[in-house]
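Reading through the C-alpha coordinates given below for one structure.
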Amino acid sequence: MTMTAVLALAVGVFLVRLAGPLMRSRINVSERTETLMKRGAIVVLAALVITGALFADGGFAGWALPAGVLVGGLLAWRRAPILVVVIAAAATTALLRLAGIA
Amino acid sequence: MRARNGLTALIGRDLLRDTAAYSVGIAVAGASFAALATAQGLPWWITLAMSMLVYAGTAQFAAIGVAAAGGGPAAVLATGLILNLRHLPYGMAVGHLYWDRWWTRLLGTHNLLDTTTAFALAEADPRRARIAYWTTGAGNFAASAAGNVVGIAAGRQIADPAALGLDAALPAIVLALVLPSLKEKSTLLAALTGAAIALAASPFLPAGIPVLLALAGLVFAWPSGETEPEEAER
(Lines give C-alpha, C1' and ligand atoms only; values in the text may rest on other atoms or scores of the structure.)
Protein backbone atom coordinates (compact mmCIF):
# COMPACT_ATOMS: atom_id res chain seq x y z
CA MET A 1 0.00 0.00 0.00
CA THR A 2 1.33 3.42 -0.90
CA MET A 3 1.22 6.65 1.07
CA THR A 4 -1.11 8.00 -1.65
CA ALA A 5 -3.63 5.21 -0.98
CA VAL A 6 -3.41 5.86 2.77
CA LEU A 7 -3.98 9.58 2.28
CA ALA A 8 -6.91 8.93 -0.06
CA LEU A 9 -8.48 6.63 2.53
CA ALA A 10 -7.83 9.18 5.27
CA VAL A 11 -9.53 11.96 3.27
CA GLY A 12 -12.43 9.67 2.38
CA VAL A 13 -13.02 8.58 5.98
CA PHE A 14 -12.77 12.18 7.16
CA LEU A 15 -15.41 13.26 4.63
CA VAL A 16 -17.77 10.49 5.79
CA ARG A 17 -17.22 11.63 9.38
CA LEU A 18 -17.89 15.21 8.30
CA ALA A 19 -21.10 14.38 6.43
CA GLY A 20 -23.23 13.68 9.55
CA PRO A 21 -22.77 17.01 11.34
CA LEU A 22 -23.00 18.90 8.03
CA MET A 23 -26.34 17.29 7.21
CA ARG A 24 -27.43 17.95 10.77
CA SER A 25 -26.53 21.63 10.58
CA ARG A 26 -28.59 22.03 7.39
CA ILE A 27 -31.83 20.91 8.93
CA ASN A 28 -33.85 22.39 11.70
CA VAL A 29 -33.35 19.78 14.41
CA SER A 30 -36.59 19.33 16.29
CA GLU A 31 -36.84 17.20 19.41
CA ARG A 32 -38.33 14.40 17.36
CA THR A 33 -35.49 14.50 14.85
CA GLU A 34 -33.00 14.57 17.72
CA THR A 35 -34.61 11.50 19.27
CA LEU A 36 -34.67 9.74 15.94
CA MET A 37 -31.00 10.44 15.20
CA LYS A 38 -29.92 9.22 18.62
CA ARG A 39 -31.98 6.08 18.22
CA GLY A 40 -30.47 5.61 14.76
CA ALA A 41 -26.94 5.66 16.15
CA ILE A 42 -27.94 3.24 18.93
CA VAL A 43 -29.49 0.88 16.37
CA VAL A 44 -26.32 0.95 14.24
CA LEU A 45 -24.10 0.39 17.28
CA ALA A 46 -26.25 -2.52 18.44
CA ALA A 47 -26.12 -4.09 14.97
CA LEU A 48 -22.35 -3.57 14.95
CA VAL A 49 -22.04 -5.47 18.24
CA ILE A 50 -24.19 -8.38 17.06
CA THR A 51 -22.62 -8.73 13.60
CA GLY A 52 -19.14 -8.14 15.02
CA ALA A 53 -19.67 -10.87 17.60
CA LEU A 54 -20.99 -13.44 15.15
CA PHE A 55 -19.18 -12.69 11.88
CA ALA A 56 -15.47 -12.49 11.19
CA ASP A 57 -13.85 -12.43 7.75
CA GLY A 58 -17.13 -13.14 6.01
CA GLY A 59 -18.05 -16.25 8.00
CA PHE A 60 -19.18 -17.44 11.44
CA ALA A 61 -16.74 -16.14 14.04
CA GLY A 62 -16.91 -19.30 16.18
CA TRP A 63 -18.37 -19.66 19.68
CA ALA A 64 -15.60 -18.12 21.76
CA LEU A 65 -16.12 -14.56 20.48
CA PRO A 66 -19.93 -14.28 20.96
CA ALA A 67 -19.62 -16.05 24.34
CA GLY A 68 -17.17 -13.40 25.54
CA VAL A 69 -19.35 -10.54 24.29
CA LEU A 70 -22.40 -12.17 25.92
CA VAL A 71 -20.62 -12.48 29.29
CA GLY A 72 -19.56 -8.83 29.03
CA GLY A 73 -23.11 -7.83 28.15
CA LEU A 74 -24.63 -9.75 31.08
CA LEU A 75 -22.20 -8.10 33.50
CA ALA A 76 -22.99 -4.67 32.03
CA TRP A 77 -26.67 -5.43 32.46
CA ARG A 78 -25.93 -6.14 36.13
CA ARG A 79 -24.33 -2.68 36.17
CA ALA A 80 -20.73 -3.85 36.39
CA PRO A 81 -18.16 -1.15 35.55
CA ILE A 82 -16.63 -1.09 32.05
CA LEU A 83 -13.31 -2.33 33.43
CA VAL A 84 -14.97 -5.53 34.70
CA VAL A 85 -16.92 -5.91 31.45
CA VAL A 86 -13.75 -5.67 29.36
CA ILE A 87 -11.72 -8.09 31.47
CA ALA A 88 -14.55 -10.63 31.73
CA ALA A 89 -15.33 -10.52 27.99
CA ALA A 90 -11.69 -10.87 26.93
CA ALA A 91 -10.94 -13.54 29.56
CA THR A 92 -13.98 -15.62 28.56
CA THR A 93 -13.04 -15.56 24.89
CA ALA A 94 -9.35 -16.18 25.61
CA LEU A 95 -10.03 -19.12 27.96
CA LEU A 96 -12.48 -20.75 25.54
CA ARG A 97 -9.88 -20.47 22.79
CA LEU A 98 -7.22 -21.85 25.12
CA ALA A 99 -9.55 -24.79 25.74
CA GLY A 100 -9.66 -25.37 22.01
CA ILE A 101 -13.11 -23.91 21.37
CA ALA A 102 -12.81 -21.59 18.41
CA MET B 1 -1.39 19.97 40.67
CA ARG B 2 -4.46 22.03 41.35
CA ALA B 3 -5.23 22.17 37.63
CA ARG B 4 -4.82 18.43 37.45
CA ASN B 5 -7.17 17.86 40.34
CA GLY B 6 -9.59 20.23 38.68
CA LEU B 7 -9.46 18.23 35.47
CA THR B 8 -9.94 14.97 37.34
CA ALA B 9 -12.93 16.45 39.14
CA LEU B 10 -14.37 17.74 35.87
CA ILE B 11 -14.06 14.41 34.10
CA GLY B 12 -15.01 12.32 37.10
CA ARG B 13 -13.43 9.14 38.44
CA ASP B 14 -15.86 6.75 36.78
CA LEU B 15 -15.28 8.15 33.32
CA LEU B 16 -11.50 8.20 33.87
CA ARG B 17 -11.58 4.57 34.96
CA ASP B 18 -13.73 3.60 31.96
CA THR B 19 -11.44 5.52 29.61
CA ALA B 20 -8.37 3.82 31.07
CA ALA B 21 -9.91 0.35 30.70
CA TYR B 22 -10.96 1.09 27.16
CA SER B 23 -7.60 2.64 26.24
CA VAL B 24 -5.71 -0.48 27.27
CA GLY B 25 -7.76 -2.44 24.76
CA ILE B 26 -7.11 0.17 22.06
CA ALA B 27 -3.36 0.17 22.80
CA VAL B 28 -3.17 -3.60 22.28
CA ALA B 29 -5.31 -3.35 19.14
CA GLY B 30 -3.01 -0.58 17.84
CA ALA B 31 0.07 -2.65 18.61
CA SER B 32 -1.32 -5.68 16.82
CA PHE B 33 -2.30 -3.57 13.82
CA ALA B 34 1.18 -2.06 13.56
CA ALA B 35 2.86 -5.46 14.03
CA LEU B 36 0.65 -7.01 11.37
CA ALA B 37 1.08 -4.14 8.89
CA THR B 38 4.87 -3.96 9.21
CA ALA B 39 5.12 -7.76 9.04
CA GLN B 40 3.34 -7.47 5.69
CA GLY B 41 6.07 -5.12 4.52
CA LEU B 42 4.33 -1.80 5.04
CA PRO B 43 6.97 0.80 6.02
CA TRP B 44 6.71 1.97 9.63
CA TRP B 45 5.94 5.56 8.69
CA ILE B 46 3.06 4.60 6.42
CA THR B 47 1.74 2.30 9.18
CA LEU B 48 1.86 5.13 11.70
CA ALA B 49 0.41 7.65 9.23
CA MET B 50 -2.46 5.26 8.57
CA SER B 51 -3.25 4.88 12.27
CA MET B 52 -3.12 8.61 12.96
CA LEU B 53 -4.78 9.89 9.76
CA VAL B 54 -7.30 7.20 8.82
CA TYR B 55 -7.88 6.63 12.54
CA ALA B 56 -10.50 3.93 12.15
CA GLY B 57 -9.43 0.54 13.48
CA THR B 58 -11.78 -1.73 11.56
CA ALA B 59 -11.10 0.06 8.26
CA GLN B 60 -7.35 -0.16 8.85
CA PHE B 61 -7.38 -3.91 9.51
CA ALA B 62 -9.67 -4.41 6.51
CA ALA B 63 -7.44 -2.26 4.29
CA ILE B 64 -4.25 -4.17 5.05
CA GLY B 65 -6.24 -7.40 4.69
CA VAL B 66 -7.39 -6.41 1.21
CA ALA B 67 -3.89 -5.22 0.29
CA ALA B 68 -2.38 -8.51 1.54
CA ALA B 69 -4.89 -10.43 -0.57
CA GLY B 70 -3.60 -8.58 -3.63
CA GLY B 71 -6.26 -5.86 -3.81
CA GLY B 72 -5.26 -2.61 -5.49
CA PRO B 73 -5.68 0.94 -4.13
CA ALA B 74 -9.26 1.17 -5.44
CA ALA B 75 -10.29 -2.02 -3.60
CA VAL B 76 -8.58 -0.82 -0.42
CA LEU B 77 -10.33 2.53 -0.66
CA ALA B 78 -13.75 1.02 -1.39
CA THR B 79 -13.51 -1.50 1.47
CA GLY B 80 -12.39 1.14 3.96
CA LEU B 81 -15.01 3.67 2.96
CA ILE B 82 -17.93 1.22 2.94
CA LEU B 83 -16.89 0.00 6.40
CA ASN B 84 -16.93 3.57 7.64
CA LEU B 85 -20.26 4.73 6.24
CA ARG B 86 -21.69 4.00 9.68
CA HIS B 87 -19.98 7.19 10.87
CA LEU B 88 -22.65 9.12 9.00
CA PRO B 89 -25.48 8.28 11.44
CA TYR B 90 -23.00 8.67 14.31
CA GLY B 91 -22.14 12.20 13.19
CA MET B 92 -25.82 13.07 12.93
CA ALA B 93 -26.42 11.86 16.48
CA VAL B 94 -23.47 13.47 18.25
CA GLY B 95 -22.20 16.13 15.81
CA HIS B 96 -23.71 18.99 17.80
CA LEU B 97 -21.42 18.13 20.72
CA TYR B 98 -18.36 19.53 18.95
CA TRP B 99 -19.87 21.86 16.33
CA ASP B 100 -18.63 25.08 17.94
CA ARG B 101 -15.39 26.54 16.58
CA TRP B 102 -13.48 25.51 13.49
CA TRP B 103 -10.86 23.61 15.46
CA THR B 104 -13.35 21.74 17.66
CA ARG B 105 -15.18 20.79 14.47
CA LEU B 106 -11.93 19.56 12.92
CA LEU B 107 -10.77 17.59 15.97
CA GLY B 108 -14.27 16.41 16.82
CA THR B 109 -14.80 15.09 13.31
CA HIS B 110 -11.52 13.15 13.44
CA ASN B 111 -12.54 11.91 16.89
CA LEU B 112 -15.79 10.34 15.64
CA LEU B 113 -15.56 6.62 16.46
CA ASP B 114 -17.89 3.79 17.47
CA THR B 115 -16.77 4.13 21.05
CA THR B 116 -16.65 7.92 21.41
CA THR B 117 -20.18 8.00 19.95
CA ALA B 118 -21.35 5.26 22.32
CA PHE B 119 -19.75 6.91 25.37
CA ALA B 120 -21.36 10.25 24.45
CA LEU B 121 -24.80 8.70 23.83
CA ALA B 122 -24.63 6.92 27.18
CA GLU B 123 -24.68 10.32 28.94
CA ALA B 124 -28.10 11.91 29.19
CA ASP B 125 -26.76 15.33 30.16
CA PRO B 126 -25.34 17.24 27.13
CA ARG B 127 -22.44 18.65 29.16
CA ARG B 128 -21.45 15.20 30.40
CA ALA B 129 -21.83 13.87 26.85
CA ARG B 130 -19.28 16.44 25.61
CA ILE B 131 -16.86 15.55 28.39
CA ALA B 132 -17.25 11.84 27.64
CA TYR B 133 -16.76 12.41 23.91
CA TRP B 134 -13.47 14.28 24.36
CA THR B 135 -12.11 12.27 27.27
CA THR B 136 -12.56 8.88 25.65
CA GLY B 137 -11.32 10.37 22.37
CA ALA B 138 -8.12 11.65 23.98
CA GLY B 139 -7.58 8.26 25.61
CA ASN B 140 -8.17 6.54 22.28
CA PHE B 141 -5.69 8.76 20.43
CA ALA B 142 -2.91 8.42 23.01
CA ALA B 143 -3.44 4.67 23.34
CA SER B 144 -3.56 4.15 19.60
CA ALA B 145 -0.33 6.13 19.05
CA ALA B 146 1.50 4.36 21.89
CA GLY B 147 0.24 0.97 20.74
CA ASN B 148 1.41 1.59 17.19
CA VAL B 149 4.90 2.59 18.31
CA VAL B 150 5.17 -0.56 20.44
CA GLY B 151 3.81 -2.70 17.61
CA ILE B 152 6.27 -1.27 15.11
CA ALA B 153 9.18 -1.82 17.52
CA ALA B 154 8.16 -5.30 18.63
CA GLY B 155 7.08 -6.55 15.22
CA ARG B 156 6.11 -10.20 15.12
CA GLN B 157 6.95 -10.80 18.77
CA ILE B 158 3.70 -9.11 19.70
CA ALA B 159 1.09 -11.32 21.34
CA ASP B 160 -1.77 -12.51 19.19
CA PRO B 161 -4.77 -10.32 20.12
CA ALA B 162 -7.14 -13.21 19.34
CA ALA B 163 -5.39 -15.39 21.95
CA LEU B 164 -5.97 -12.61 24.49
CA GLY B 165 -9.67 -12.44 23.58
CA LEU B 166 -9.36 -8.76 22.73
CA ASP B 167 -11.71 -9.00 19.78
CA ALA B 168 -14.46 -9.56 22.36
CA ALA B 169 -13.49 -6.54 24.47
CA LEU B 170 -14.52 -3.75 22.09
CA PRO B 171 -17.96 -5.13 21.15
CA ALA B 172 -18.55 -5.75 24.88
CA ILE B 173 -17.74 -2.09 25.69
CA VAL B 174 -20.11 -0.82 23.01
CA LEU B 175 -22.79 -3.25 24.20
CA ALA B 176 -22.37 -2.03 27.78
CA LEU B 177 -22.77 1.56 26.59
CA VAL B 178 -25.89 1.03 24.48
CA LEU B 179 -27.69 -1.18 27.04
CA PRO B 180 -29.15 1.72 29.07
CA SER B 181 -30.70 3.21 25.91
CA LEU B 182 -32.36 -0.13 25.19
CA LYS B 183 -34.50 0.21 28.30
CA GLU B 184 -36.73 2.37 26.15
CA LYS B 185 -39.09 -0.13 24.55
CA SER B 186 -39.29 1.42 21.10
CA THR B 187 -35.49 1.74 20.89
CA LEU B 188 -35.12 -1.88 21.97
CA LEU B 189 -37.58 -3.04 19.32
CA ALA B 190 -35.78 -0.97 16.67
CA ALA B 191 -32.38 -2.33 17.75
CA LEU B 192 -33.55 -5.96 17.76
CA THR B 193 -35.19 -5.60 14.34
CA GLY B 194 -32.12 -3.81 13.02
CA ALA B 195 -29.76 -6.44 14.39
CA ALA B 196 -31.85 -9.20 12.80
CA ILE B 197 -31.73 -7.42 9.43
CA ALA B 198 -27.97 -6.87 9.73
CA LEU B 199 -27.40 -10.52 10.65
CA ALA B 200 -29.49 -11.76 7.73
CA ALA B 201 -27.62 -9.46 5.33
CA SER B 202 -24.12 -10.13 6.64
CA PRO B 203 -23.38 -13.31 4.64
CA PHE B 204 -24.26 -11.56 1.37
CA LEU B 205 -23.12 -7.95 1.61
CA PRO B 206 -19.72 -6.34 2.19
CA ALA B 207 -18.98 -5.51 5.83
CA GLY B 208 -20.28 -2.04 6.66
CA ILE B 209 -23.51 -2.22 4.67
CA PRO B 210 -25.49 -4.60 6.94
CA VAL B 211 -25.17 -2.29 9.98
CA LEU B 212 -26.60 0.54 7.87
CA LEU B 213 -29.52 -1.62 6.74
CA ALA B 214 -30.22 -2.03 10.46
CA LEU B 215 -31.53 1.55 10.36
CA ALA B 216 -34.69 0.13 8.78
CA GLY B 217 -35.51 -1.05 12.32
CA LEU B 218 -36.25 2.59 13.10
CA VAL B 219 -39.73 2.22 11.60
CA PHE B 220 -40.60 0.70 14.99
CA ALA B 221 -39.15 3.63 16.86
CA TRP B 222 -40.37 6.57 14.85
CA PRO B 223 -41.01 9.19 17.51
CA SER B 224 -44.65 10.14 17.52
CA GLY B 225 -45.91 13.58 18.38
CA GLU B 226 -45.65 13.10 22.13
CA THR B 227 -42.49 14.24 23.87
CA GLU B 228 -40.77 11.82 26.15
CA PRO B 229 -39.88 13.25 29.54
CA GLU B 230 -36.13 12.69 29.27
CA GLU B 231 -35.69 14.94 26.30
CA ALA B 232 -37.91 17.75 27.46
CA GLU B 233 -34.97 20.01 28.21
CA ARG B 234 -32.74 21.26 25.47
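The values are calculated or read from the model by the stated rules, or taken from the named source; none is laboratory data. This is a predicted model, so every value here is computed, not measured. Glycine gets a Cβ as well: all are built from the backbone with ideal geometry, and neighbour counts include every protein chain shown.
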Original post:
If you check B:Ala9 against the conditions, is it assigned to a helix (DSSP H, G or I) and either modelled with pLDDT of 95 or more or closer than 28 Å to A:Ala88 by Cβ (or both)?
Top reply: no
Subject >> Criterion: of a type in the set (A, V, I, L, M, F, W, C), out of contact with any Gly (no Cβ under 7 Å at 6 or more places or on another chain), surrounded by 24 or more Cβ atoms within 10 Å (Cβ to Cβ) and farther than 13 Å from B:Leu188 by Cα - qualifying residue of A:Val44, A:Val71, A:Val49 >> reply: A:Val49
**OP:** Would you mind listing the helices (runs of 4 or more DSSP H) fully within segment B:73-149 where at least 2 residues are farther than 21 Å from B:Phe33 by Cβ, free of Cβ contacts under 8 Å to residues at least 60 places away in the same chain and of a type in the set (S, T, N, Q)?
**Re:** B:102-110
Original post:
When you go through (1) within 7 Å of chain B (Cβ to nearest Cβ); (2) modelled with pLDDT of 95 or more one by one for A:Met23, which number turns out not to apply?
Top reply: (2)
Original post:
Can you tell which of B:Tyr55, B:Tyr90 is touching a His at 6+ places or on another chain (Cβ under 8 Å) and within 9 Å of chain A (Cβ to nearest Cβ)?
Top reply: B:Tyr55
Original post:
How many residues does segment B:145-174 hold that are surrounded by 23 or more Cβ atoms within 10 Å (Cβ to Cβ), out of contact with any Ser or Thr (no Cβ under 6 Å at 6 or more places or on another chain) and more than 9 Å from chain A (Cβ to nearest Cβ)?
Top reply: 2
Subject >> In segment A:70-81, the residues that are of a type in the set (A, V, I, L, M, F, W, C) and either touching a residue at least 24 places away in the same chain (Cβ under 8 Å) or over 17 Å from B:Asp167 (Cβ atoms) (or both) >> reply: A:Leu74, A:Leu75, A:Ala76, A:Trp77, A:Ala80
Original post:
When the residues of segment B:1-42 are filtered to those that are surrounded by 14 or more Cβ atoms within 10 Å (Cβ to Cβ) and of a type in the set (Ser, Thr, Tyr), which remaining residue is farthest from B:Val149 (Cα to Cα)?
Top reply: B:Thr19
Original post:
Got at least one residue in segment A:17-28 being closer than 23 Å to B:Leu112 by Cβ and part of a loop (DSSP other than H, G, I, E, B)?
Top reply: yes
**OP:** Quick one: which residue in A:Ala90, A:Ala61 is at pLDDT below 95 and crowded, with 24+ Cβ neighbours inside 10 Å?
**Re:** A:Ala90
**OP:** Among the candidates B:Thr58, B:Thr38, single out the residue that is more than 21 Å from the chain's Cα centre (by Cα) and closer than 26 Å to B:Gly139 by Cα.
**Re:** B:Thr38
